[in-house]
Amino acid sequence: THSTENAEPLTTKGGVQEVIHLESANSNVCNDETSNEKTSKNTNDDADETNANSRQKNNEKHLTLYLLKRKGFVKHALATGSPIVPVFAFHLDGSYGYYIPRSKIVHRISRAVGVVPLVFWGRFGIPFGIPYPKRIVVVIGEAIDVESEGSGDDDDDDGGVSEERVDRVHKLFLRELEALFERHKVEAGYGGRKLRIV
C-alpha cells in the first residue's frame, strides 16, 4: 500500500530514483543540505559524503524541473482513465556530480537530437559510476483522479483526448507538485530553496 503525503515521507537510503531530471539553476553541481541524522557509516562512505558536499554550493536557491512541455503522461492518463500521482524525491539532485558543456554549438545539437550531452560522476569520482550515498526522501501526494476520455481506437494517436483537457490537467498536476514540494521542503532540508518549472 502506498502512503500519501499526509503520512510520514517514504525514505530510501542510497541509490537513485530518477523521477524527473533535476538541475540546479546557474550551476553544474547541485546543492544538498547535510543530514542531521547520525548514522553509522564506514570510512569510505564518510569520505564519499564529504567529497559530495564539498562540490555543492549552499547559495543555490532553485531546483529546475524540465516539465512544462512534457504532457505525454497526462494524455495517456486521460486516454485510459488512470489517476495521476504527484511524487517528489528530495536529495536526488546530490546523488551525482555532473558537467554540461555550455556553447551555441552544443545547444543546437541538443535541440536537434533531443538529448543534452553531459558527463556525470559518483562515488570515488568514477565517471558514469554508482551514486554517492544519499538519504533519498520521497513524498507522495494525493492522487488526481481523471475520467477516461479515450476513443478506444488503437489507430488514433491522441486517443481522442482534447489538447485543452490535457493542458488543464497538466496545469493542475504542476500546481499539486509544487505545493507538495513546499509542504515538505523544510523537514527535508530544502527550506531556503524554490522550485522552478520550465
request  = Please calculate how many Å² of accessible area segment 83-175 carries per residue, with a 1.4 Å probe and no DNA, RNA or ligand atoms counted.
outcome  = 59
Approximate spin-label separation residue 187-residue 142, in nm, with each point projected 7 Å along Cα-to-Cβ = 1.7
key: Extension reserve of the residue 174-residue 102 stretch, reckoned as 0.36 nm per residue once the Cα distance is removed   = 23.1 nm
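The values are calculated or read from the model by the stated rules, or taken from the named source; none is laboratory data. None of the values given here were measured: they were computed from a predicted structure. With ideal geometry, Cβ positions are generated from the backbone for all residues, glycine too; neighbour counts draw on all protein chains shown. Ligands, DNA and RNA are stripped out before the accessible areas are found, and what is left, the full protein with its side chains, is counted by its heavy atoms. Shrake-Rupley method; radii C 1.70, N 1.55, O 1.52, S 1.80 Å.
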